[in-house]
Amino acid sequence: MSKGKLGVLGGMGPQATILFYQRVVDFTAAAADQEHIETLILSDAKMPDRTAALLSGETGPVYERLLSDARTLESWGASCIAVPCNTSHAFLPAVEAQLGIPIVNMVTETAKALKAMGCKRVGVMATDGTLKMGLYHAACQALGMETVSPPAEEQKLVMSLIYDEIKAGHRGSEDKFAQVEKAFRALGCDRVVLACTELSVYKDWHRVGDYYLDAMDVLARRSVELCGYTVK
């Protein structure tokens, strides 16, 4: 199989983009620099907030900027594109339709991974925008799994972790995270998906255990495979 170039449409947020590239490197079976994936990273930190766009209905500026950035990566020679931002996946099918290369869909790939793990009832820890659009709910339900969102009070804690803490450069409150986990366990979830890349950053700083599946990990592994490399 010929080797492809990976395009990364990042900046949502910047810390998550750094972590995603580290995961790609970590998951690639390579014994030398030259055996790693050629990677093109466009970190667009000026991208409008995706959750705010979805909640307000003002989605045009986000879509147009995602499309412009994706076209830039395509023009640079990317053979596929990974977008380490879960909420942006509400826009990506329409973006992908305008390209000549595929976008690796973190949501559908994560749903497949959950199914392969034998999950029956999945908790979704994500932004308000991702939950509003039902991205993971639809993908999981299509494969026969139940999906659960946090109760309203716990969802406020999730948003605070993401926006007030991780995006602000802090490591995140373990007490808040523990309270959200307690709610998911009480709801009978057999697994919880970390469906926001800021939560992937939290996981990089704290031990969260096997109760969680990190969607960023799934995206990184699948990106390695689609570029024709062996996953380590």
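The values are calculated or read from the model by the stated rules, or taken from the named source; none is laboratory data. In this text the structure is predicted, and so the values were computed from the model without any measurement. Here the Cβ positions follow ideal geometry from the backbone for every residue, glycine too, while neighbour counts run over all protein chains shown. SASA here: full protein model, heavy atoms, side chains in, ligands and nucleic acids out. Shrake-Rupley method; radii C 1.70, N 1.55, O 1.52, S 1.80 Å.
Descriptive notes on the structure:
- Relative to the 2.2 N^0.38 Å rule of thumb, segment 73-182 has a C-alpha radius of gyration ratio of 1.21.
- When peptides 148-155, 223-230, 195-202, 33-40 are sorted by average Cβ neighbour count within 10 Å, with the highest value leading, the order is 195-202, 223-230, 148-155, 33-40.
- Of the trypsin sites (Lys or Arg not before Pro) found in segment 1-76, those in coil by DSSP whose Cβ has at most 15 other Cβ atoms within 10 Å are Lys3, Lys46.
- What you get for segment 97-232, charging only the Cβ of Lys and Arg (+1) and of Asp and Glu (-1), is a dipole of about 320 debye around the Cα centre.
- Here the simple spin-label model places points 7 Å from the Cα toward Cβ, and for Gln34 and Ala168 these points are separated by 4.9 nm.
- The portion of the accessible surface of segment 17-169 made up by carbon and sulfur, rounded to a whole percent, is 53 (1.4 Å probe; DNA, RNA and ligands excluded).
- Helix content alone sets the calculated 222 nm mean residue ellipticity of the chain: runs of n ≥ 4 DSSP H residues at -39500 (n - 2.57) each, divided across all residues, give -13500 deg cm²/dmol.
- Pairs from Lys3/Lys167; Lys132/Lys232; Lys112/Lys176; Lys112/Lys167 whose Cα-Cα separation, in the structure shown, is over 32 Å: Lys3/Lys167; Lys132/Lys232
- Under 13 Å of direct C-alpha separation, and excluding same-chain neighbours fewer than eight residues apart, Lys156 reaches these aspartates and glutamates: Asp128, Asp164, Glu165.
- Applying 0.36 nm per residue to the separation of Ile41 and Lys5 and subtracting their alpha-carbon distance, the gain on full extension is 11.9 nm.
- Scaling against 2.2 N^0.38 Å puts the C-alpha radius of gyration of the chain at 0.97.
- Heavy-atom surface of segment 1-153, accessible at 1.4 Å and reported per residue (Å²): 44 Å²
- Percent accessible area from carbon and sulfur atoms, segment 187-229, protein chains only, probe 1.4 Å: 40 percent
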